[in-house]
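Let me begin by presenting the structure, written as structure tokens, before commenting on it.
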Amino acid sequence: MNPLAERATTLTPSLTLAIDAKAKKLKADGVDVCGFGAGEPDIDTPQHIKDAAIKALQAGFTKYTPSSGTPELRAAIAEKLKNENGLDYKPSQVIVNCGAKHSCYNVIIGTCNPGDEVIIPSPFWLSYPEMVKLAGATPVIVPTSEENGFKITPEQFRDAMTPATKLIILNSPGNPTGSVYSRDELQALADVALEEEILILSDEIYEKITYDGTAFSSIAALSKDVYDLTITVNGFSKAFSMTGWRLGYIAAPEPIAKAIDSIQSHSTSNPTSFAQSGALAGLKGDQSFIGEMVKTFAERRAYMFDRLTKIPGVSCVKPMGAFYMLPNISKFGLSSSAFCDKLLDAQKVACVPGIAFGSDAYMRLSYACSMENITKGLDRIEAFCASLTK
């Protein structure tokens with residue numbers, strides 16, 4: 001008898017977490033490793049957020065909250081969505097989850113049936129297809145190109161649709177590409193979704209991290225019809241540097257929000273109580289640190305892009321958001337896994353192979369790490385690439 005459910009045997013382990021763990025083990029063993037794998041800011045959670053959580057702990061706020069999150073936090077999120085994104089959600093339409101990853105999972109589980117198809121532009125965040133498979137649905141991968149900044153076109157969207165299409169996943173700013181869809185580009189994709197009433201999962205976790213004056217737009221704000229098809233996902237991990245706090249949220253039409261609340265009530269019960277107090281302080285308090293963090297990322301981005309594009313054999317699209325770079329390494333004649341394995345062995349540099357994101361021609365580097373790590377790591381990558389061309 002096979003003790004495992006079939007859905008558990010079809011999953012691919014997270015390569016980003018695996019590589020980060022391998023790099024951390026090497027570091028623990030005394031090896032000088034330059035890690036580019038982790039998708040989390042190296043800047044500490046702001047003190048006023050930590051203080052709010054500490055105060056909540058000291059006050060005994062350590063018990064269950066409503067499964068959908070505290071009323072205060074849901075109201076603050078609704079206010080944020082209204083003021084910053086032009087989205088008119090009632091607090092009852094907002095559900096707080098255990099991280100934006102959990103939010104995405106809840107959306108997919110709550111909307112997709114076995115036999116449904118979910119369109120996912122590639123390169124994609126590696127967990128999307130696995131979540132779709134867990135729901136019994138089928139991921140439909142649509143490759144995008146460097147030429148248009150790794151963005152799915154309306155024509156590609158329409159061509160990928162079938163009568164079984166239930167949902168499209170849009171991630172802007174995107175991981176691992178750094179692509180940001182303009183308002184006009186979102187409108188063109190929304191027009192296609194409206195033709196067949198395709199649901200839209202809009203993952204906006206990197207919304208505050210954009211560069212060169214790039215404007216962020218929420219697709220649900222385009223019109224009432226688009227709003228009715230969209231589930232907006234966001235959270236606190238990236239902009240507030242709260243990755244370990246595990247707090248995300250969805251905002252959705254009432255029936256979908258209620259379904260996700262019900263799912264959550266039977267899975268996690270509720271998001272962590274005192275972490276929600278920290279998140280509330282983040283939304284209500286001073287947010288000037290976000291601008292400073294983005295300024296730091298912008299400096300690292302400029303340096304990394306300049307260095308990478310000067311390496312013979314490497315090409316790269318300049319990311320307009322998030323904190324990743326996706327250099328094309330296909331000219332070296334190695335698979336992305338082989339390239340990254342050899343790079344780690346030879347130069348002690350940890351990067352994530354592009355195959356994890358559905359595109360074997362690339363590797364992903366995070367610049368949410370120190371400039372010292374970036375400088376040293378790029379020196380080593382440069383040396384490694386030179387050794388491959390000898």
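Some points to look at:
- For the range 127-145, taking the residues that are out of contact with any strand residue (DSSP E or B) (no Cβ under 7 Å at 6 or more places or on another chain) and open to solvent by 20 Å² or more (accessible area, probe 1.4 Å), the one that is nearest to residue 202 (Cα to Cα) is identified as 130.
- Entirely in the range 172-276, the strands (runs of 3 or more DSSP E) that have 3 or more residues that are surrounded by fewer than 22 Cβ atoms within 10 Å (Cβ to Cβ) and free of Cβ contacts under 8 Å to residues at least 12 places away in the same chain: none
- Qualifying residue in the range 315-338 (condition: open to solvent by 10 Å² or more (accessible area, probe 1.4 Å), part of a loop (DSSP other than H, G, I, E, B) and touching a His at 6+ places or on another chain (Cβ under 9 Å)): no
- Of the helices (runs of 4 or more DSSP H) lying entirely inside the range 55-164, the ones with 1 or more residues being touching a helix residue (DSSP H, G or I) at 6+ places or on another chain (Cβ under 9 Å) and within 30 Å of residue 283 (Cβ to Cβ) are found at 71-85, 100-111, 127-134.
- The set of residues in the range 86-113 being more than 23 Å from residue 130 (Cβ to Cβ) and either of a type in the set (Lys, Arg) or open to solvent by 20 Å² or more (accessible area, probe 1.4 Å) (or both) consists of 86, 88, 90, 91, 92.
- Test for residue 148: is it among the polar types (S, T, N, Q) and at pLDDT 95 or above: no
- The set of residues in the range 177-228 that are among the polar types (S, T, N, Q) and within 22 Å of residue 113 (Cα to Cα) contains only 202.
- Evaluation of residue 344 against (1) open to solvent by less than 50 Å² (accessible area, probe 1.4 Å); (2) free of Cβ contacts under 8 Å to residues at least 40 places away in the same chain; (3) of a type outside the set (Val, Ile, Thr) (one fails), failing number: (2)
- Filter pass, residue 310 being within 25 Å of residue 212 (Cα to Cα), open to solvent by 60 Å² or more (accessible area, probe 1.4 Å), assigned to a loop (DSSP other than H, G, I, E, B) and of a type in the set (Lys, Arg): yes
- Here 324, 303 are screened, and the one residue that is aromatic (Phe, Trp, Tyr) and within 15 Å of residue 209 (Cβ to Cβ) is 324.
- When the range 360-384 is filtered for residues that are open to solvent by 20 Å² or more (accessible area, probe 1.4 Å), among the small types (Gly, Ala, Ser) and outside any helix (DSSP H, G or I), the ones remaining, listed by number, are 361, 370.
- Residue 390 assigned to a loop (DSSP other than H, G, I, E, B) and either closer than 30 Å to residue 48 by Cα or free of Cβ contacts under 8 Å to residues at least 60 places away in the same chain (or both): yes
- Search result, residues across the range 305-322 that are within 25 Å of residue 341 (Cβ to Cβ) and either in contact with a Cys (Cβ under 9 Å, 6 or more places away or on another chain) or of a type in the set (Asp, Glu) (or both): 305, 308, 309, 311, 312, 313, 314
The values are calculated or read from the model by the stated rules, or taken from the named source; none is laboratory data. Keep in mind it's a predicted model, so treat the numbers as computed, not measured. Heads up, the Cβs are rebuilt from the backbone with ideal geometry, glycines too, and the neighbour counts pull from every protein chain shown. Surface accessibility is based on the protein's heavy atoms, side chains included, excluding ligands, DNA and RNA. Shrake-Rupley method; radii C 1.70, N 1.55, O 1.52, S 1.80 Å.
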